[in-house]
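Engineer: My questions all concern the structure below.
The values are calculated or read from the model by the stated rules, or taken from the named source; none is laboratory data. For clarity, every value in this text was computed on a predicted model and none was experimentally measured. Cβ sites come from the backbone with ideal geometry, for glycine too, and all protein chains shown count toward neighbours. Ligands, DNA and RNA are excluded from the accessible area calculation, which covers all protein heavy atoms including side chains. Shrake-Rupley method; radii C 1.70, N 1.55, O 1.52, S 1.80 Å.
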Amino acid sequence: MNESFISYIWFNRLYFPTQQTLLGEIVEVVSPGIPNLNSGPDAFNAKLRIDGRLWAGNVEFHVRASDWHRHHHDSDPAYQNIILHVVLEADEQLFSDADTPIPTIVLNYPSFIRSNYDNLLTTPFGCCSRLAEISDINVTSWLEHLLVERLELRADNIDYILNATVNDWDEALYVLYARSLGSSVNSDAMQQLALSTPLRFLRHYTDRPDNLRAMLLGQAGLICRLPDTFDHQLLEREYAFLRNKYSLTAPDAEFKFCRMRPAAFPTARIVALADSVPDLPSVPDLIDNLDHLSSYTPLSLINCFLPLLFHYATIHNLPAVQDRIIDLFHTLPAERNHITRHFSKYGIKASSAAESQALIHLHKTRCLSHDCLRCRFAHLLLSKDQSPR
């Protein structure tokens, strides 16, 4: 058990209405306060009645009361005005510098919550056997939230790319498209390759496919790995010329071929990237006419175009475009992989890319790390008493 569990009980008001300090004072929580995500007390501006007197101030959580000393709060001025110390084990009564007892409660909450939580943590994917208990409306609303959360998380990498391309949205689209072609195995390497081979250089050769292929394959160091159907000498010669002309520096990227079908080889994906350069659209044009996206594969829409356009709409305050992009996710077919099959087995079957993306995000950000306290499914199950009546 940890302080996150105490925080979860406290801010979701899952405790019993009446609490009691170690000295017998009755505590009523008027307001649990505001969670503090930075250093300092765990809750700001809580409002409490302690033996009928109203107090406003900060609250601190610990598993054991003695953790106060272990965390050196006794010598930290930020903790001198705590109005309540909330613990799971009271192994001592704390005192302020003025030898005044710090009001301390052993948090009193329904025992079934602890039992439910222990079951979730001790069983791999502990909530799965109970997912059928969750209503369709709660499933839908949580998946919608997770989709947006996933898009916001992807914005971090898009911002990194924008910074590297001096806020050129068309360059960013090209880099993200290259990343999407790499799938999970070579995505980072493809992104590095695209960043090292700017679109503004490639656009000079949109009518010369050999030059496009030579520049990208040469930068990747993979001309020698091409099938014999390609003219290796021609490509090497073209790359040497282009490398010197544009002062290109090859990226420190490792491309992987193991356990792949030939169509997924990085050489094949780089050729596909080179061949797509002449047709890559302008981002503002796409924003003005999202119907142009229909010519792209669902996978490239999911992993490249829609996340980037959603971020563009977020930065430029275009809520109608954001809504349209979310709608487009709902029109795309759901991805089929081990994650979606896992949830389908327990009753949550993805019917669109919006839902499959949400489930993938849920699996990676909550399930794998047993971060159940940040999952709405787990919240609904934790607060449900299963004991026989």
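Engineer: Along the stretch 378-383, what does the Karplus equation 6.51 cos²θ - 1.76 cosθ + 1.60 (θ = phi - 60°) give for ³J(HN,Hα), rounded to whole Hz, x for Gly and Pro?
Structural biologist: Using θ = phi - 60°, the values come out as 4, 4, 5, 7, 4, 8 Hz.
Engineer: Could you give each residue of the stretch 255-268 its phi-based ³J(HN,Hα) in whole Hz, using Karplus coefficients 6.51, -1.76, 1.60 with θ = phi - 60°, and x for Gly or Pro?
Structural biologist: Going residue by residue, I get 9, 10, 10, 4, 6, 10, 6, x, 5, 9, 4, x, 4, 5 Hz, with x marking Gly and Pro.
Engineer: Compute the Kirkwood hydrodynamic radius of the stretch 250-389, taking the inverse of the mean of 1/r over all pairs of distinct Cα atoms, and give it in Å to one decimal.
Structural biologist: It is 18.3 Å.
Engineer: If you don't mind, there's one more thing I want to ask. At a Förster distance of 41 Å, what's the computed FRET efficiency of HIS145 paired with ASN108, Cβ-Cβ distance as r, to 0.05?
Structural biologist: Here the calculated transfer efficiency is 0.85.
Engineer: Among PRO209, SER39, ILE6, whose Cα projects farthest towards the positive end of the dipole of the chain, with charges put on the beta-carbon of Lys, Arg (+1) and Asp, Glu (-1)?
Structural biologist: PRO209
Engineer: Rounding to the nearest 20 debye, state how big the charge dipole of the chain is about its Cα centre with +1 on each Lys and Arg Cβ and -1 on each Asp and Glu Cβ.
Structural biologist: Rounded to the nearest 20 debye, it is 1200 debye.
Engineer: Counting every Cα pair in the stretch 42-100, what percent are over 14 Å apart?
Structural biologist: Percent of Cα pairs beyond 14 Å in the stretch 42-100: 56.
Engineer: Turning to a different aspect of this structure: Accessible area, 1.4 Å probe, largest first: how do GLU355, GLU254 sort?
Structural biologist: GLU254, GLU355
Engineer: On to the next question. Put +1 on the Cβ of each Lys and Arg and -1 on the Cβ of each Asp and Glu in the chain; which of ALA250, ILE360, HIS232 then has its Cα farthest toward the positive end of the dipole?
Structural biologist: Projecting each Cα onto the dipole axis, the largest value belongs to HIS232.
Engineer: For the chain, report the accessible area per residue in Å² (1.4 Å probe, heavy atoms, rounded to an integer).
Structural biologist: 51
Engineer: Let me ask something additional. Using 0.36 nm per residue, how much length does the chain from LYS364 to ARG259 gain when fully extended, once their Cα-Cα distance is taken away?
Structural biologist: Gain on stretching LYS364 to ARG259: 35.5 nm.
Engineer: I've got another one for you. Report, in debye and to the nearest 20, how large the dipole of the stretch 238-389 comes out about its Cα centre when Lys and Arg carry +1 and Asp and Glu carry -1 on their Cβ.
Structural biologist: Charge dipole of the stretch 238-389: 960 debye, to the nearest 20.
Engineer: Quote to one decimal, in nm, the extra length available between PHE44 and GLN233 on full extension: 0.36 nm per residue of separation minus the C-alpha distance between them.
Structural biologist: 61.2 nm
Engineer: If amide H atoms are built 1.01 Å from N in the plane of the peptide, which residues on other chains or at least 5 residues away come under 5 Å of the amide H of LEU84?
Structural biologist: Those qualifying (amide H under 5 Å, at least 5 residues apart or on another chain) are GLU60.
Engineer: From the gyration tensor of the Cα coordinates in the stretch 297-342, what semi-axes in whole Å does the equivalent ellipsoid have, largest first, with each one equal to sqrt(5λ)?
Structural biologist: Largest first, the stretch 297-342 gives 24, 10, 9 Å.
Engineer: Bin width 5 Å, alpha-carbon pairs only: give the P(r) of the stretch 133-177 as whole percents, running from 0 to the bin holding the largest distance.
Structural biologist: Taking every Cα pair in the stretch 133-177, the percentages come to 5, 21, 19, 14, 11, 9, 8, 7, 5, 1.
Engineer: 7 Å from Cα along Cα→Cβ at both ASP118 and SER196: what's the point-to-point distance in nm?
Structural biologist: Each label point lies 7 Å from its Cα, and together they span 5.5 nm.
Engineer: Something else about it: Can you give the relative contact order of the chain as a percent, counting alpha carbon pairs under 8 Å and 6+ residues apart?
Structural biologist: Normalised by residue count, the contact order of the chain is 15 percent.
Engineer: So how much slack lies between ASP210 and LEU14, counting 0.36 nm per residue of separation and subtracting their Cα-Cα distance, in nm?
Structural biologist: Net length gain for the segment: 64.0 nm.
Engineer: Roll a 1.4 Å probe over the protein heavy atoms and report the accessible area of HIS72 in Å², nearest 10.
Structural biologist: 120
Engineer: Treating the beta-carbon of each Lys and Arg as +1 and of each Asp and Glu as -1, no other charges, what is the dipole magnitude of the stretch 1-62 about its Cα centre, to the nearest 20 debye?
Structural biologist: Here the size comes out at about 200 debye.
Engineer: When the solvent-accessible surface of protein heavy atoms is calculated with a 1.4 angstrom probe, in what order do MET260, MET190 fall, highest first?
Structural biologist: MET260, MET190
Engineer: Over all distinct Cα pairs, what is the inverse of the mean 1/r for the chain, reported as the Kirkwood hydrodynamic radius in Å?
Structural biologist: Taking every pair of different Cα atoms in the chain, averaging 1/r and inverting gives 25.0 Å.
Engineer: Tell me the label-point distance for the pair ARG324, SER300, using the 7 Å Cα-to-Cβ offset, in nm and rounded to one decimal.
Structural biologist: 2.0
Engineer: Please give the FRET efficiency for LEU37 paired with ASP136, using the beta carbon to beta carbon distance and R0 = 35 Å, rounded to the nearest 0.05.
Structural biologist: Rounded to the nearest 0.05, the efficiency is 0.60.
Engineer: List the residues, sorted by chain then number, that are 5 or more residues from SER66 or on another chain and whose placed amide H is less than 5 Å from its amide H.
Structural biologist: Amide H to amide H, under 5 Å and 5 or more residues apart or across chains, SER66 pairs with ASP91, GLU92.
Engineer: Given the convex hull of the Cα atoms of the stretch 223-262, what is a quarter of its surface area in nm²?
Structural biologist: Taking the Cα atoms of the stretch 223-262, their convex hull projects to 3.7 nm² on average.
Engineer: Can you compute 3J(HN,Hα) from phi for each residue in the stretch 186-193, using the Karplus curve 6.51 cos²θ - 1.76 cosθ + 1.60 with θ = phi - 60°, rounded to whole Hz and x for Gly and Pro?
Structural biologist: Calculated HN-Hα couplings, in order: 10, 5, 5, 5, 5, 5, 4, 4 Hz.
Engineer: Another question, if that's okay. Can you pull the three principal axis extents for the Cα set of the stretch 98-184, in Å, largest first?
Structural biologist: Its Cα atoms span 59, 52, 25 Å along the three principal axes.
Engineer: Sticking with this one: Please state, to two decimals, what the Cα-based radius of gyration of the stretch 114-234 comes to when divided by 2.2 N^0.38 Å (N = residues).
Structural biologist: Relative to the 2.2 N^0.38 Å estimate, the stretch 114-234 comes out at 1.64.
Engineer: Right, next: I'd like the carbon and sulfur percentage of the solvent accessible area for the chain, probe radius 1.4 Å, heavy atoms only, ligands and nucleic acids excluded.
Structural biologist: Roughly 50 percent, rounded to a whole number.
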